[in-house]
1. Considering each residue of segment 433-480, count those that are acidic (Asp, Glu) and modelled with pLDDT of 70 or more, and give that number.
2. Restricting attention to segment 133-169, which residues are among the acidic types (Asp, Glu) and within 11 Å of Arg35 (Cβ to Cβ)?
3. Quick one: in segment 104-160, which of the residues that are among the hydroxyl-bearing types (Ser, Thr, Tyr) and in a helix (DSSP H, G or I) is nearest to His49 (Cα to Cα)?
4. Any idea which residue in segment 230-241 is surrounded by the fewest Cβ atoms within 10 Å (Cβ to Cβ), counting only those that are closer than 18 Å to Gly275 by Cβ and touching a helix residue (DSSP H, G or I) at 6+ places or on another chain (Cβ under 8 Å)?
5. For Gln262, indicate whether it is closer than 23 Å to Leu109 by Cβ and either at pLDDT 80 or above or out of contact with any helix residue (DSSP H, G or I) (no Cβ under 7 Å at 6 or more places or on another chain) (or both).
Amino acid sequence: MSAGRREWASTKRLAPRKTSSGTLYQPIVDPYEIRVLEIKPGSNDDPIHCSLHHCSLEFKEIPREMIYISETSLLKTRHVATPQNKFGLLMNDLTKPIWYTALSYTWGLPVFDMVIKVDGHEKLVTKSLYGALQHLRQPGHSVVLWIEQICIDQDNKEEKAQQIPLMSTIYTRAINTMVWLGEGDADLAAAFDFVKDVPDLIQHSSAIRCPEDFERLCLPHPDSPTWKGVWDLVSRPWFQRLWIYQEVILSRDIILACGGPQKTKTRMSWDIFSGACLTIQEGGITQWLNLKHSMTRVPEHWLIHPSLRSARQTLCYDARDKIYGLLGLIEIKDNWIKINYHDHYTYPSLYHDVVVGLLKRNMAPLKVILNSIDHEPLGGRCPSWVPDWSKPLETTALGYESSTTNVYNVCGAANPQKHPRYPTGYQILGPNNNELHIEGKVFDTITALSEDFTGMQPCPESFAEIFSLLLDETTGKSPSLPGQTYSPRQLRPLGKGKLTMASLESRQPKRTFEEIRVAMRKALRGRRLVRTERGYMGLVPRCARVGDKVGIIKGCWTPFVLRGEGSVGGGGGFYRGGYEGRGS
């Protein structure tokens, strides 16, 4: 190559590498350096032999003429079209590219009982990874992969902290991403084939409402093993992993793979799979599928809501990864969230630091953070106003600003004070940032609420109509309650369009009735129905206790159940709710 074509490589100065003889991992010396794993050719039950290669991801865009390509020097992965920036550059010769596939899979139980050979060293891996390597290995040529479990020294905490921020670049530079869903049976293999045809079968049809619709659309009967295979497919543990947020959004070419009977290989492109899932709306995965279509990287103020709230439903081995796993998607200014895997830096400490950082930088409303708390305090020195993102949400929040979900607005339309004590409504104090000072009022009974507070908003007229019908059908009276209202449809003569129980089988009333059932489930899940000292009733998180107080915090949508420090039953806290919420 000419001197001009070697310009970028010649300006790169690498720190000296201290070789560690007798050990598998050679040190990483460059901030943009990663390892990739070359799987040697093999088939069936042959032992798995591999080699590690160091490469750089520092470059942004390199013209094709600057890249030296030699058929004898490349580690072949049999990819066809090669985008200009979909590769790494070998550290021992920065003019030579190396193409790799990023592997996304579920670690499973942390049991490392399968052996592979890497550069002559025995390396223990999980059974899940071993199955993926067997599946991806080719008989006639090498395959190059980036695999977190092997390419990062998991025993080196400093290296993990340095490599995690590169995850977004790793998936962006990969020529494709292979998703390993694990071994499967004949039903799962059939589900792969069936899912490919689903969009064509039902894309122009209305929603399936009864078993007869399956036959009409030439779909398998609901009891068919094919649907069991589809359910097994979308219920695989991979879809619950936290890291798929980053992996799916940043990858451009994704392939799903699983093992089949007699070691057959079943694969499907992500575009086909996501199209089918968006069509049949199964498995609870549409939330991050929609993210795939609408996002690349997001500003840091997006961190709390909805990404962290959604991440609570995902799985990860280390609870700190609920934060670290999102950093590749979020642009963090000043790097104020530090990656630290040392044992003394526990996940409650990390969650506390994140909340303090968000509040002090005015990057997340206090009400959004407090509405994430429906659990007992994290314990130790961690304040009760810090959400535990390691656990799934136990309740559905009853108050948000959006018109579709806002049920409560306890602060009403009251005018704010001209000179509030805290301009933002709160202040974080204390030597360890463990005191949250907020503006609000604690009431010993709910009867202390003023007229300025709007309380619960009216339900839709369609809900009121069906509740009124159910009341009369249950009691046999009309009206069943003083002041009960009736819609014009309820007042019509029988047979002339009058709303009856039979009407609930028709399309619109049935849809409204289903909406009521969903709303009731969301309101009741994880909560208890309680009475106050003055005889009022309310829904509270199940962790609330007798003796807890009810308070209102300025700017928050719902009342909060408050518990004083040192009260019977444990430390202080506050629980979001209607009354609901939590803090101290």
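The values are calculated or read from the model by the stated rules, or taken from the named source; none is laboratory data. Note that the structure is predicted; figures quoted are calculated from it, not measured. Using ideal geometry, Cβ is built from the backbone for each residue, glycine included, and neighbour counts are taken over all protein chains shown.
1. Step one: of segment 433-480, the residues acidic (Asp, Glu) are 435, 439, 444, 451-452, 461, 465, 472-473.
Then drop every residue that is not modelled with pLDDT of 70 or more, which leaves 435, 439, 465, 472-473.
Going through segment 433-480 one residue at a time, the tally reaches 5.
2. Pass one, segment 133-169, residues among the acidic types (Asp, Glu): 148, 153, 155, 158-159.
Answer for segment 133-169, where residues must be among the acidic types (Asp, Glu) and within 11 Å of Arg35 (Cβ to Cβ): Glu148, Asp153, Glu159.
3. Within segment 104-160, the subset among the hydroxyl-bearing types (Ser, Thr, Tyr) is 104-106, 126, 128, 130, 142.
Checking which are in a helix (DSSP H, G or I) leaves us with 128, 130.
On the way: Ser128: 17, Tyr130: 12 Å.
Here the residue is Tyr130.
4. Val234
5. Working: closer than 23 Å to Leu109 by Cβ: no; either at pLDDT 80 or above or out of contact with any helix residue (DSSP H, G or I) (no Cβ under 7 Å at 6 or more places or on another chain) (or both): yes.
Taking the combined requirement at face value, the residue does not satisfy it.
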